[in-house]
Amino acid sequence: MKRLLTTLLLTYSFLGFAQNLISNVPNRNTTSLNGVWNYIIDPYQTGFYSFHLDQYDKQEKPAKGAFFTNYHAQNKQELVEYDFDKSPTITIPGDWNSQVTELKYYEGNVWFKKSFDYNLAANKRLFLYLGAINYKADVYLNGKKLGTHIGGFTPFNYEVTSIVQPKDNYLVIKVDNTRHKEDVPTVNTDWWNYGGITRDITLIEEENSFVEDYTIQLKKNNASIISGFIKINNLNSAQNQVSIAIPELKINYKGKIAAGGILNFEIPAKKISYWSPENPKLYDVTVNFNGQKLNDQIGFRTIETQGDKILLNGKPIFLRGISIHEENAKGGRANSEEDALRLLNWAKELGCNYVRLAHYPHNENMVREADKMGLMVWEEIPVYWTVEFTNKETYQNAEDQLTASIIRDKNRASIIIWSMANETPISDARNTFITNLAAHTRVLDNTRLVSAALLTKKETIDDPIGEILDVVAFNQYLGWYGGNLEDAEKITWKSKYNKPIIVSEFGGDAKQGFHGEKNERWTEEYQEYLYIQNLKMIEKIPHLSGLSPWILVDFRSPKRLLPGIQDGYNRKGLISNDGNKKKAFYIMQDWYAKKKNE
Ligand code: GCU
């Protein structure tokens, strides 16, 4: 098995999944490029194509009109029709919709430019790490194309060692958030299509050969062995010694990196204080390589299923959850530690031990704060509704996003579930698509559970994809998209699978502060009654192991248009977008308080 894993790791590293994505960036030697950037709105991609649609960055000598050259007119006669330095500015990271009024609904191309100096010592290497750009990014440094990345919620990086100069580097990024049916997600989503450089942009300085990535977790189904791999970038065989130090566990493991740059290891460990919501213990872990020290803060716990139970550290656990979209207090893309604390503290206040981060991988602050706060996490890729399941490129895009998520977050104890999809229509192509994603997940990480949020026909859970999932999750909206709340207690659910069940969504809209009778849609009283009745039904569902009501906070959606009530917001939040709790919040809070003491 170990040899197979090594081969697979070599394969995935050799094939350059996610361009040798560097992990644990927060603990590395970094320089932030966050801050004020210039931007140019370019709806006709004038800076990218000539008037006959020749793509400038495919030309030997790119025309001066190409924006990535950051060219300035050399004399008064010269025709140059753009100038980043005289263009408006925007704060990065941050979407353009919530920062620039005229870009609120904009879907198209915007160029960004950041100048910086950097003195790179002769024997060092430099990487440009981009936390996430929605949706497609063409990245240039000093006029040279670094690459093109698609996918709006996962990190990627490029080596810039041979391009960076001591003074006046200019980083230019073209961002296109146009939706296409072959994309992931596809053209139809119930969330705002925030465009732009939505997460941190960072320079990472490394030695000639360095620790690029590693897994340090408990071995599957074994609570007393810490196992994983260390991956060295550009191994110099003369320096192939590596050690893993976990002082609190009296571990100082030494190993030799094989020629391919990978060391697989298993380390017996005693007296581990296992990570849990009640005890979110994180250990200081240091990977020492060739005089370099890379620190991390890692929790150790087991997660598995046994029949219809989810076991955390060998004991059944009930997931008291809530679904969360990645939005900040200003009504834009969340990305900071402060944004993460605002959302996760509300989840804690609700009585949660678990959060469903919908419908895409959230920023790394969310999962690192969840580690610290003791919140278990469902992480999901945006295979949402009707992606093109027969399109091979669509599948590869989804798989790449999944790979990057797992590389970034596989050492986070809080993450217990990788979710493959949300509410996808059943078909053979869709079943194959998700089955392959699940298989890929288990190759990269065989320790966590695999799930997906499914739809159900009436009260029967029998989606064929349930066969390959560890946890069967489904969304249901009794009292909002159909059904009578008065019937709630009479409704019984059946599942085809003897597996843990999570109700991954239920809920209804309420405009905070709008009051009326409990049978009046859009009032807080209606939402409150909907929660009361749904919970009476849900608690009788067989194999129920958790729930994550939809949703913690009202969020922007271009589909939600009812004037005076929605005004471009999905109002299913238990908290309004300006931070006011609704009556249903307290129903859920009471239910969780009772559940916790059961
Ligand atoms: C769907 C979907 C959510 C959506 C919600 C709603 O189930 O998963 O993304 O926002 O229901 O309709 O409000």
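The values are calculated or read from the model by the stated rules, or taken from the named source; none is laboratory data. As the structure is a computational prediction, the values presented were derived from the model and not from experiment. Neighbour counts run over all protein chains shown; Cβ positions are idealised from the backbone, glycine included. When the accessible area is computed, the model is the full protein with side chains, heavy atoms only, and any ligands, DNA or RNA have been set aside. Shrake-Rupley method; radii C 1.70, N 1.55, O 1.52, S 1.80 Å.
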Taking into account only those residues within the stretch 131-173 that are out of contact with any Lys or Arg (no Cβ under 8 Å at 6 or more places or on another chain) and open to solvent by 40 Å² or more (accessible area, probe 1.4 Å), which is farthest from residue 109 (Cα to Cα)? 166
Among the residues of the stretch 318-343, write down those that are out of contact with any helix residue (DSSP H, G or I) (no Cβ under 8 Å at 6 or more places or on another chain) and surrounded by fewer than 20 Cβ atoms within 10 Å (Cβ to Cβ). 330, 331, 338, 342
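The rows are residues; the columns are (1) open to solvent by less than 20 Å² (accessible area, probe 1.4 Å); (2) closer than 30 Å to residue 521 by Cβ; (3) among the small types (Gly, Ala, Ser).
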{"position": "411", "(1), (2), (3)": "yes, no, no"}
{"position": "414", "(1), (2), (3)": "yes, no, yes"}
{"position": "450", "(1), (2), (3)": "yes, no, no"}
{"position": "458", "(1), (2), (3)": "no, yes, no"}
{"position": "467", "(1), (2), (3)": "no, no, no"}
{"position": "477", "(1), (2), (3)": "no, yes, no"}
Within the stretch 267-282, of all residues that are under 32 Å from the mean Cα position of the chain (by Cα) and open to solvent by 80 Å² or more (accessible area, probe 1.4 Å), the one nearest to residue 355 (Cα to Cα) is 278
Log entry, pairs with first residue in the stretch 81-94 being touching a residue at least 12 places away in the same chain (Cβ under 8 Å), second being of a type in the set (Asp, Glu), beta carbons closer than 9 Å, six or more apart or on different chains, reads 82/42; 92/200; 93/200
Test residue 413 against the stated conditions and say whether it is farther than 19 Å from residue 188 by Cα and not in a helix (DSSP H, G or I). yes
Counted residues, the stretch 418-439 - those being within 16 Å of the ligand (Cβ to nearest atom) and open to solvent by 50 Å² or more (accessible area, probe 1.4 Å): 2
Strands (runs of 3 or more DSSP E) (entirely within the stretch 234-320) containing at least 2 residues that are in contact (Cβ under 8 Å) with a residue 40 or more places away in the chain: 241-246, 262-268, 283-289, 292-298, 303-306, 309-312
If you scan the stretch 339-361, which residues turn out to be away from the ligand (no atom under 16 Å from the Cβ), free of Cβ contacts under 8 Å to residues at least 60 places away in the same chain and within 21 Å of residue 191 (Cβ to Cβ)? 339, 340, 342, 344
Top-ranked residue in the stretch 542-570 [being among the β-branched types (Val, Ile, Thr) and in contact (Cβ under 8 Å) with a residue 60 or more places away in the chain; ranked as nearest to the ligand (Cβ to nearest atom)]: 551
